[in-house]
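Remarks on the structure that follows.
The values are calculated or read from the model by the stated rules, or taken from the named source; none is laboratory data. Owing to the predicted nature of the structure, the values given are computational and were not obtained by experimental measurement. Here the Cβ is made from the backbone with ideal geometry for all residues, glycine too, and neighbour counts use every protein chain on show. Side chains are part of the model used for accessible areas, which takes the heavy atoms of the whole protein and leaves out ligands, DNA and RNA. Shrake-Rupley method; radii C 1.70, N 1.55, O 1.52, S 1.80 Å.
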Amino acid sequence: MAKLNILEFPDPRLRTVARPVAAVDDEVRRLIDDMLETMYAAPGVGLAATQVDVHRRVLVVDVTQDQNQPLAFVNPEILEREGAVEAEEGCLSVPGIFDTLTSRSSRIVVRALDRDGKRFEMEADGLLAICIQHEMDHLEGKLFVDYLSDLKRTRIRKKLEKERRENGTASGRRERSSVPVI
């Protein structure tokens, strides 16, 4: 396995719409494994392939406290949405920034292929539902900051760019928050 580089806002590659995966093969399974290693190391609870500059419809999540129940979704699609939830979100591609969104469904039904290429459907609510929706946005080239006002988004971009200049690094990783970073 290999730890991958996570793209950070406002990198234009984060705006790329991911292509469907034709077949789940060893290359896709290796990508899933590398994404999980990267997500756990970050640390985060979700990661989309777009965030690691692979523009294929693959995402991984693990919202468990012990990080021992990884889930992989290949070519995910939401079949049902229900309710609304207000929750604070963060993002590995927007390090150190958290804000409350009201745009997520509280319950979803998602269909995807697993790491072996088998089709499955699952119902998700709570943090898992939020995480899946957040990662699926990445596959469409959308970030959680897109749900914020233009003014907030501009301030976030400027703050991150200033921190990168001051740190002299490409990454502005911050201290860990009590909010799961998706």
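Going through Arg15, Arg57 one at a time, which residue ends up being in contact (Cβ under 8 Å) with a residue 24 or more places away in the chain, in contact with a Lys or Arg (Cβ under 9 Å, 6 or more places away or on another chain) and over 14 Å from Ser93 (Cβ atoms)?
Details: Arg15 fails: over 14 Å from Ser93 (Cβ atoms).
Sole residue among the options that is in contact (Cβ under 8 Å) with a residue 24 or more places away in the chain, in contact with a Lys or Arg (Cβ under 9 Å, 6 or more places away or on another chain) and over 14 Å from Ser93 (Cβ atoms): Arg57.
When the residues of segment 134-150 are filtered to those that are open to solvent by 10 Å² or more (accessible area, probe 1.4 Å) and assigned to a helix (DSSP H, G or I), the one that is farthest from Ala18 (Cα to Cα) is Asp150. Do we find that Ile156 is among the β-branched types (Val, Ile, Thr), under 28 Å from Ala22 (Cβ atoms) and either buried (at least 16 other Cβ atoms within 10 Å of the Cβ) or in contact (Cβ under 8 Å) with a residue 60 or more places away in the chain (or both) in this structure? When the stated conditions are applied, Ile156 does not pass them.
Out of the residues in segment 149-182 that are among the hydrophobic types (A, V, I, L, M, F, W, C) and within 17 Å of the chain's Cα centre (by Cα), which is modelled with the highest pLDDT?
Ile182
Total residues in segment 77-123 satisfying the condition of being among the hydrophobic types (A, V, I, L, M, F, W, C) and closer than 26 Å to Asp25 by Cα: the figure is 8.
Residues in segment 115-129 that are closer than 14 Å to Pro76 by Cβ and either in a helix (DSSP H, G or I) or open to solvent by 60 Å² or more (accessible area, probe 1.4 Å) (or both): Arg115, Lys118, Arg119, Glu121, Glu123, Leu128, Ala129.
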